[in-house]
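In what follows, a structure is listed as structure tokens, so that the remarks can point back to it.
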Amino acid sequence: MTDTELGNDIPVLTIDGPSGSGKGSVTQLVAGRLGWHILDSGALYRLTALAAERAQVSFDDGPSLAGIARNLSIEFLPSSPGEPVKVLLEGEDVTEAIRRETTGNNASKVAVLEEVRAALLQRQRDFRQAPGLVADGRDMGTVVFPDAPYKVFMIASAQARAERRHAQLKAQGEDVRIATLLREIEARDARDMGRKAAPLKAAEDAVTIDTTDLSIELVLEKVLSLID
Ligand code: DC
């Protein structure tokens, strides 16, 4: 098959980085500006963790978790501007449930397993649709779309990320102490960066942006300036 038949000529912008680095917001804004599709790969790991929790499957049972990941019945519904994309699991709206702190931590646990990652690989690549894709995650530039023409790696200090997360959770009605969030963020970073399978790291050809002291508008401009 040719690249065109495989969809490999469709441009992809990968945005990888740790949680709270601003990837999610920037992905939405860039995709809105370019009119490109979005892959929120973290949502797939979160959905796997939520479905596993509901089925009372242990977070270290690789074969069962891979089965769950492979058979997830999910839908991403487009939303009005500024609103999060609606996520359905088996037809049920789980948009809020997958954003909870515990689901994020559980997602990081199931994401350690090679068979879960393999089960989600093709599902992620299927998001590569014309006119283009903005792919948000940890291994978008290294594993899922290594041939992407545009790659960004976003970082920010753990303190700044804990403060952003605190504000986000507060807006959702969850009040978690910043010190607790900082501890969880550091634990999650260690797990995401230290795992054997597709660890969180910058692709060699990625442009790193430190968002600690940058406004979202400035980050957006920096990212857009990379695209032809
Ligand atoms: O981006 P997020 O916070 O929604 O991701 C939740 C967890 O899923 C994250 O801690 C690690 C895992 N993840 C991953 O391993 N690979 C990805 N491409 C995206 C997320």
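The values are calculated or read from the model by the stated rules, or taken from the named source; none is laboratory data. Since this is a predicted model, take the numbers as computed values, not measurements. Quick reminder, even Gly has a Cβ in these numbers, built from the backbone with ideal geometry, and neighbours come from all protein chains shown.
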With (1) within 24 Å of ARG54 (Cα to Cα); (2) within 17 Å of the chain's Cα centre (by Cα); (3) touching a residue at least 60 places away in the same chain (Cβ under 8 Å) as the list, and GLN172 as the residue in question, which single condition is left unmet? (2)
Determine, yes or no, whether ILE185 is in contact (Cβ under 8 Å) with a residue 12 or more places away in the chain, of a type in the set (A, V, I, L, M, F, W, C) and within 22 Å of ARG99 (Cβ to Cβ). yes
Is region 43-58 home to any residue that is more than 14 Å from the ligand (Cβ to nearest atom) and touching a Lys or Arg at 6+ places or on another chain (Cβ under 7 Å)? no
Could you grab the pairs with beta carbons closer than 9 Å, sequence gap of 6+ or different chains, first residue in region 55-72 and in contact (Cβ under 8 Å) with a residue 24 or more places away in the chain, second one exposed (fewer than 14 other Cβ atoms within 10 Å of the Cβ) and outside any helix (DSSP H, G or I)? LEU65/SER58; LEU72/GLU90
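Rundown of residues vs (1) touching a strand residue (DSSP E or B) at 6+ places or on another chain (Cβ under 7 Å); (2) under 23 Å from PRO11 (Cα atoms); (3) at pLDDT 95 or above, yes/no style:
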position: THR142; (1), (2), (3): no, yes, yes
position: ASP147; (1), (2), (3): no, yes, yes
position: ARG165; (1), (2), (3): no, no, no
position: LYS170; (1), (2), (3): no, no, no
position: GLY194; (1), (2), (3): no, no, no
position: ALA197; (1), (2), (3): no, no, no
position: ALA206; (1), (2), (3): yes, yes, yes
position: LEU218; (1), (2), (3): no, yes, yes
position: GLU221; (1), (2), (3): no, yes, yes
Quick check, is GLY62 modelled with pLDDT of 95 or more and under 25 Å from MET193 (Cβ atoms)? yes
If GLY132 satisfies every condition in (1) out of contact with any helix residue (DSSP H, G or I) (no Cβ under 7 Å at 6 or more places or on another chain); (2) away from the ligand (no atom under 14 Å from the Cβ); (3) more than 19 Å from ALA198 (Cα to Cα) but one, which is the exception? (1)
